[in-house]
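A short worksheet on the structure shown next.
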Amino acid sequence: MVEVGKPSRFETVILTDGDMRASVLNNGAYTQGWWYKDVWHILGFDDLNKYFTDKTYLGATVGRVANRLGGARFELEGACFELNANESENTLRGGAEGLSKQFWNLEQTAPNEVVMSYLSHDGESDFPGNVRFEVSVTQRNPWSTYTLQGHSDRPTPISLSQHNYYTLGSAKGVDAHDLELASERYLEIEKQGVPSGGLCSTKDSELDFSTPRSIGHVPMPIDHYFCFEQALDPTDPVTKFTASFALFLAAYADQPGAQVYSVANMAKPLRGSSGSCIEPSGCPKNRTGMNSRSRSRKVAMRVRLFIPIISFLIAGTSANAQELGPPPTFLEPDFDRVELGQLLFYDPILSGNKNISCATCHHPKLGTSDGLSLGIGEGGIGLGSERRLDPENSPEQRIPRNSPALWNLGATEFTTFFHDGRLEADPTQPNGIRTPLGTHMRPGFQSALAAQAMFPVLSPDEMAGHYSENDVSKAVRLGLLTQQGGAWDLIAARVAAIPEYKQRFDAITPGSEISFTAIANVIADFIAFEWRSDNSPFDRAMRGESKLPEDAEFGMNLFYGKAGCSSCHAGWFQTDHKFHSIGLPQIGPGKATRFESHVRDDGRLRVTGRAEDAFTFRTPSLRNVMRTAPYGHNGAFARLEDIVRHHLDPVTSLRNYNVEMALLPDFPGSEDETPLLEQQHLDAIANSNSLSKTTLTDHEVDALLSFLASLEDPAQRLGVPAQVPSGLPVDQ
């Protein structure tokens with residue numbers, strides 16, 4: 001803490017993070033207000049002048065000793081210290097000139113964080129010792145975190161607290177709030193609320209809040225110190241404050257207990273009509289309010305707001321729970337259709353040369369991907385890292401983008417496909433799907449998932465085959481794709497000519513011909529059924545069924561907190577389904593048409609034409625991310641740790657990148673590093689990066705990796721068939 005001149009006027013700082021904001025004052029280190037979407041959750045005055053005469057300590061930092069000191073005195077090391085009384089014969093909140101009455105030095109260290117400091121001199125308010133106090137306040141949606149510290153040059157009583165009155169915005173005031181405390185005991189009090197030192201059981205008493213209970217209907221004033229359970233898990237909330245309409249607030253603290261009291265119908269111009277103060281602090285063991293002498297004291301408290309109207313939280317979960325949005329909903333396909341889709345997914349009959357199936361690049365052994373940075377489609381032999389060029393029919397180039405995984409694509413929230421989002425559900429389009437085919441797109445696809453499943457068969461590099469090699473590749477070469485007699489019809493005719501396929505289609509759609517859209521629809525049904533992954537350790541923890549291991553839980557707190565991962569990797573499946581540039585290095589042939597000579601991959605720009613979309617790509621889901629290496633739209637990083645570290649400082653990582661960090665099958669003549677050698681191209685990618693630099697320790701990176709491992713649920717159901725109706729070989 002750096003000592004600076006003592007301020008003498010009000011300073012106000014507004015902290016913001018998403019929809020959450022707080023107003024903090026240097027006078028008394030007050031929190032003037034805490035808002036979520038303009039609904040307040042900490043009571044305060046709009047008129048700053050009211051804080052000069054405030055006697056309720058409304059949002060103040062209080063101390064040196066937060067609770068009451070009976071008789072305005074205490075003993076320390078054989079000496080008796082007499083204090084000024086400011087509540088009848090007692091000293092409350094550090095006295096009339098306590099910390100809440102001082103101007104603090106204020107430094108805003110980030111848009112969502114402020115640090116306040118104050119030096120209390122020896123003898124101030126009649127307390128001994130020079131004490132340096134520091135208070136930090138951080139807003140990180142949905143958390144509000146307070147850290148209060150005091151360091152003295154001699155033994156002195158220090159018991160700090162944050163004196164916020166919390167409200168959930170109900171018009172009915174405190175009567176509409178339920179309180180729950182992790183406490184079975186409270187301190188007995190004498191007259192004027194001074195603690196006597198005796199412990200009382202809350203069981204069967206008016207102060208039993210071990211289960212949620214209305215505050216407004218307690219027939220006695222609440223102004224008591226509640227002792228928290230000693231065996232309480234530090235990740236569990238010490239208190240929950242709930243509104244009748246299911247909005248609730250939870251507090252977490254490292255203190256042995258909290259002073260709790262409610263206040264109703266406070267005088268205007270107070271913002272709000274009532275609230276309850278939950279004040280974690282050291283235990284006032286006896287009527288002097290002192291439990292120990294100390295040279296140093298630290299209080300840490302976090303408050304979290306849960307808003308089920310816009311987010312989902314399973315009742316009864318612990319601090320592990322995150323705001324993930326509504327629970328996912330899934331397609332529930334007919335099982336006969338699923339079984340038919342499985343056979344077609346693994347059958348090479350759909351490829352031009354009858355040598356590649358969907359599973360070649362989306363195999364369950366490889367996390368529903370192909371295990372390569374940039375794969376080899378047509379002209380390759382083998383599976384995964386063993387895939388190599390066919391010497392009899394070598395491909396012209398690598399596949400320009402990494403093969404995306406298929407997990408949870410049956411969840412209804414997945415409506416945008418491919419790394420650049422070039423195919424997506426769009427109700428403004430004639431068939432409800434926007435695709436590169438535009439008006440040439442055929443009707444009949446039941447979903448965007450079904451439509452995207454069938455585009456690889458039109459790609460010469462992926463499944464169609466090279467020019468003039470087969471009837472499908474010839475049709476593609478001539479631009480005959482969706483037209484009558486085009487590539488899609490040729491593939492459908494192949495399937496219809498196989499008796500078992502004809503029999504199975506007749507069973508599910510009697511009297512209908514086997515069309516390309518019908519093939520696509522059952523393949524989509526299989527994908528939706530087979531790779532539904534929603535029972536990972538993370539899911540079970542969010543449902544309150546179990547807890548994450550300690551390292552994974554620490555990593556989760558980083559993921560949804562300091563590391564900022566959830567700003568893009570949001571929701572149950574860790575994706576916002578949006579497009580971002582994170583400065584990924586470009587390798588391989590780039591995304592270009594046959595007549596273009598560049599090696600760039602401009603990302604979303606090629607779809608929208610908007611300059612701001614250059615080098616942006618769709619946020620991938622992180623489900624089973626430990627299984628889906630390599631990572632990035634072009635698989636630039638073969639190791640998960642490497643791409644995690646890239647996120648910490650994307651521009652430096654981009655400029656220091658080496659293509660050896662990728663996993664590329666041998667491809668003589670390929671110029672995979674060419675994009676990295678063009679300085680102008682490199683600068684353009686760096687300038688497009690949207691991530692801020694973040695600092696994490698090696699231990700924190702390891703914890704993030706542990707959390708990512710908790711997202712694993714392999715979830716394979718039908719598996720790989722031993723054979724398919726065409727009789728062609730199946731990638732096992």
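The values are calculated or read from the model by the stated rules, or taken from the named source; none is laboratory data. All values reported here derive from a predicted model rather than from experimental measurement. Here the Cβ positions follow ideal geometry from the backbone for every residue, glycine too, while neighbour counts run over all protein chains shown.
Residue check: D702 meets all listed conditions (1) more than 30 Å from G410 (Cα to Cα); (2) surrounded by 17 or more Cβ atoms within 10 Å (Cβ to Cβ) but one, namely (2). Is there a residue being modelled with pLDDT of 95 or more and under 20 Å from the mean Cα position of the chain (by Cα) anywhere in region 594-615? Within region 594-615, not a single residue is modelled with pLDDT of 95 or more and under 20 Å from the mean Cα position of the chain (by Cα).
Which residue, of P142, P157, is at pLDDT below 90, buried (at least 23 other Cβ atoms within 10 Å of the Cβ) and assigned by TED's automatic domain parsing to the domain that holds I215? Don't jump to the end; show me each part of the working.
Numbers: P142 fails: buried (at least 23 other Cβ atoms within 10 Å of the Cβ).
None of the others qualify; the one that does is P157.
With the structure loaded, tell me whether A715 is under 30 Å from Y346 (Cβ atoms) and at pLDDT 95 or above or whether it fails that test. For A715, the condition - under 30 Å from Y346 (Cβ atoms) and at pLDDT 95 or above - is not met.
Selection of region 181-195 for residues being out of contact with any Asp or Glu (no Cβ under 8 Å at 6 or more places or on another chain) and modelled with pLDDT of 85 or more yields L181, R185, Y186, L187, E188. Within region 428-449, restricting attention to residues that are surrounded by 14 or more Cβ atoms within 10 Å (Cβ to Cβ) and of a type in the set (S, T, Y), the residue that is modelled with the lowest pLDDT is T435. Candidates in region 145-154 are the residues that are within 22 Å of Q259 (Cβ to Cβ) and not hydrophobic (A, V, I, L, M, F, W, C); of these, the one that is surrounded by the most Cβ atoms within 10 Å (Cβ to Cβ) is G150.
If only residues of region 208-233 that are closer than 15 Å to H177 by Cα and hydrophobic (A, V, I, L, M, F, W, C) are counted, the one that is modelled with the lowest pLDDT is I215.
For region 366-400, the candidate set comprises residues that are free of Cβ contacts under 8 Å to residues at least 60 places away in the same chain and surrounded by fewer than 21 Cβ atoms within 10 Å (Cβ to Cβ); within that set, the residue that is nearest to G632 (Cα to Cα) is G384.
Close contacts from region 485-496, counting a first residue that is free of Cβ contacts under 8 Å to residues at least 24 places away in the same chain and a second that is outside any loop (DSSP other than H, G, I, E, B), with Cβ to Cβ under 7 Å and a gap of 6+ residues or different chains, come to G486/A475; L490/D471; L490/V472; L490/A475; A496/K502. Pairing each residue of region 667-684 that is touching a residue at least 24 places away in the same chain (Cβ under 8 Å) with any residue that is of a type in the set (D, E, K, R) and not in a helix (DSSP H, G or I), provided the two are 6+ apart or on different chains, yields C-beta distances under 7 Å for F667/R398; S670/R398; P675/R600; H681/R600.
Just need a number here: residues in region 518-540 that are farther than 18 Å from L331 by Cα and touching a residue at least 40 places away in the same chain (Cβ under 8 Å). Of the residues in that region, 4 qualify.
This table checks each residue for (1) modelled with pLDDT of 95 or more; (2) in contact with a Gly (Cβ under 6 Å, 6 or more places away or on another chain); (3) in a helix (DSSP H, G or I).
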residue	(1), (2), (3)
I314	no, yes, no
G341	yes, no, yes
S373	yes, yes, no
N393	no, yes, no
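Filter region 490-525 for residues that are of a type in the set (D, E, K, R) and either exposed (fewer than 14 other Cβ atoms within 10 Å of the Cβ) or farther than 15 Å from A451 by Cα (or both) and give the result. Across region 490-525, the qualifying residues are R494, E500, K502, R504, D506, E513.
Is it fair to say S726 is among the small types (G, A, S) and either closer than 20 Å to N402 by Cα or in a helix (DSSP H, G or I) (or both)? Before you say what the answer is, go through the steps one by one.
On the way: among the small types (G, A, S): yes; either closer than 20 Å to N402 by Cα or in a helix (DSSP H, G or I) (or both): no.
For S726, the condition - among the small types (G, A, S) and either closer than 20 Å to N402 by Cα or in a helix (DSSP H, G or I) (or both) - is not met.
Taken residue by residue, region 410-427 has at least one member that is modelled with pLDDT under 90 and at negative phi.
Between S357, S369, the distinction of being more than 24 Å from A492 (Cα to Cα) and polar (S, T, N, Q) belongs to S369 only.
Listed by position, the helices (runs of 4 or more DSSP H) contained in region 554-665 that have at least 1 residues being in contact with a Cys (Cβ under 9 Å, 6 or more places away or on another chain) are 640-648. Any residue at all in region 102-115 that's within 18 Å of S281 (Cα to Cα), assigned by TED's automatic domain parsing to the domain that holds Y146 and either surrounded by fewer than 22 Cβ atoms within 10 Å (Cβ to Cβ) or in contact with a strand residue (DSSP E or B) (Cβ under 6 Å, 6 or more places away or on another chain) (or both)? Looking through region 102-115, none of the residues is within 18 Å of S281 (Cα to Cα), assigned by TED's automatic domain parsing to the domain that holds Y146 and either surrounded by fewer than 22 Cβ atoms within 10 Å (Cβ to Cβ) or in contact with a strand residue (DSSP E or B) (Cβ under 6 Å, 6 or more places away or on another chain) (or both). Listed conditions (1) closer than 27 Å to N408 by Cβ; (2) of a type in the set (V, I, T); (3) surrounded by fewer than 20 Cβ atoms within 10 Å (Cβ to Cβ); (4) out of contact with any Asp or Glu (no Cβ under 7 Å at 6 or more places or on another chain) are all met by V607, apart from (4). Kindly check whether there is at least one residue in region 581-596 that is in the same structural domain as H647 (by TED's automatic domain parsing), surrounded by fewer than 21 Cβ atoms within 10 Å (Cβ to Cβ), among the acidic types (D, E) and more than 28 Å from E660 (Cβ to Cβ). Scanning region 581-596, I find no residue that is in the same structural domain as H647 (by TED's automatic domain parsing), surrounded by fewer than 21 Cβ atoms within 10 Å (Cβ to Cβ), among the acidic types (D, E) and more than 28 Å from E660 (Cβ to Cβ), so the answer is no.
Of the residues in region 9-26, at least one is among the small types (G, A, S), in contact with a Leu (Cβ under 6 Å, 6 or more places away or on another chain) and under 28 Å from L249 (Cα atoms).
Q680 fulfils the conditions (1) over 28 Å from the mean Cα position of the chain (by Cα); (2) part of a loop (DSSP other than H, G, I, E, B); (3) surrounded by fewer than 16 Cβ atoms within 10 Å (Cβ to Cβ); (4) not basic (K, R) except for a single criterion, (2). Of the residues in region 426-447, not one is under 34 Å from the mean Cα position of the chain (by Cα), outside any loop (DSSP other than H, G, I, E, B) and among the small types (G, A, S). T619 meets each of the listed conditions (1) within 14 Å of L705 (Cα to Cα); (2) surrounded by fewer than 23 Cβ atoms within 10 Å (Cβ to Cβ) apart from (1).
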